[in-house]
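The values are calculated or read from the model by the stated rules, or taken from the named source; none is laboratory data. Computed from a prediction, not measured in an experiment: that's the story for all the values here. All Cβ positions, glycine included, derive from the backbone under ideal geometry; neighbour counts span all protein chains shown.
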Amino acid sequence: MVGGTGLPAYFASEIGGCPSLFGVFAMNEITDVEEIYSAEYHRKAGKRGEKQYPAKQDMASAIYQLWGPVSVVDVGCGRGWWMEHWLREHPAVTVIGLDGCADLIKRTGQCDDSVAPFMYNGDLREPGWWQFYTPRLEWSHSHWSIALCIEVAEHLEEQYASGLVRGLCELSDRIFFSSARPGQRGVHHVNCQPKEYWADLFGHFGFRWRHDLKKAWLDMLTTRDQRYGLNIRRNAMFLTRDQRYGLNIRRNAMFLTGDEVPLA
């Protein structure tokens, strides 16, 4: 169905004064998300994030050195710490962030003013969450240089894991992914998995787990205080589309729903 703007009717809606993704969501589950990740949760996360910010800057700089992107989408961006670095240090790079709590974070002033205009609501549990449109960009679900998804996947129930992975694979040919490993403590950690679990899922969409890029990235890091950013360094995975498989995997994947992707 096409709306009066010429776009599909489910695109480009406004909810609560904050641009939202994929209006068909109707934000039916956002209330639950905000109950788990409340303003107080984000306030405490902000205090921790301030201590870790130099380490995150270092990690982001190393990613830029490796891949030299012209556009970055940060999936599950939270308060936008990583976005803030990209916007400040690499102003020529197009950056946006998606998060189920973007409206709450912006409404309560818990992100930097430079980041707020580029943060959008989006429930990563919804089918087709990656097919979004923003007023500033044309058909934003086209390919991005890099998709980031950093310590997000563990917060989604396992039934949504393959849908998250598929969306990342639709957004970019190069993915920086980090998710809590088994036993890693945190708020609402409901799907902590080893890297091999995620590598299998990405593999079904034609992506390779690149140990060589991880090693090169670690070698570039200069932060001396190793206490901060330790989980991200441990959990980080670099994934790239395996061109040996051509386009058939991606085309076939279009017909798979999130919970239909096999794990073996």
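Out of the residues in segment 97-113 that are of a type outside the set (D, E, K, R) and surrounded by 23 or more Cβ atoms within 10 Å (Cβ to Cβ), state the one that is farthest from Trp130 (Cα to Cα). The extreme case among them is Cys111.
For every residue, the table says whether it meets (1) in contact with a Pro (Cβ under 8 Å, 6 or more places away or on another chain); (2) modelled with pLDDT under 90; (3) of a type in the set (Gly, Ala, Ser); (4) on the phi > 0 side of the Ramachandran plot.
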residue: Ala161; (1), (2), (3), (4): no, no, yes, no
residue: Val165; (1), (2), (3), (4): no, no, no, no
residue: Leu168; (1), (2), (3), (4): no, no, no, no
residue: Asp200; (1), (2), (3), (4): no, no, no, no
residue: Lys214; (1), (2), (3), (4): no, no, no, no
residue: Trp217; (1), (2), (3), (4): no, no, no, no
residue: Phe255; (1), (2), (3), (4): no, yes, no, no
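Which count do you get for residues in segment 138-150 that are modelled with pLDDT under 90 and surrounded by 15 or more Cβ atoms within 10 Å (Cβ to Cβ)? Working first, answer last.
Within segment 138-150, the subset modelled with pLDDT under 90 is 138-143.
When the remaining residues are screened for being surrounded by 15 or more Cβ atoms within 10 Å (Cβ to Cβ), the result is 140-141.
Final tally of qualifying residues: 2.
Applying the criterion of at least 2 residues that are modelled with pLDDT of 70 or more to the helices (runs of 4 or more DSSP H) found wholly in segment 15-116 leaves 39-67, 81-89, 102-107.
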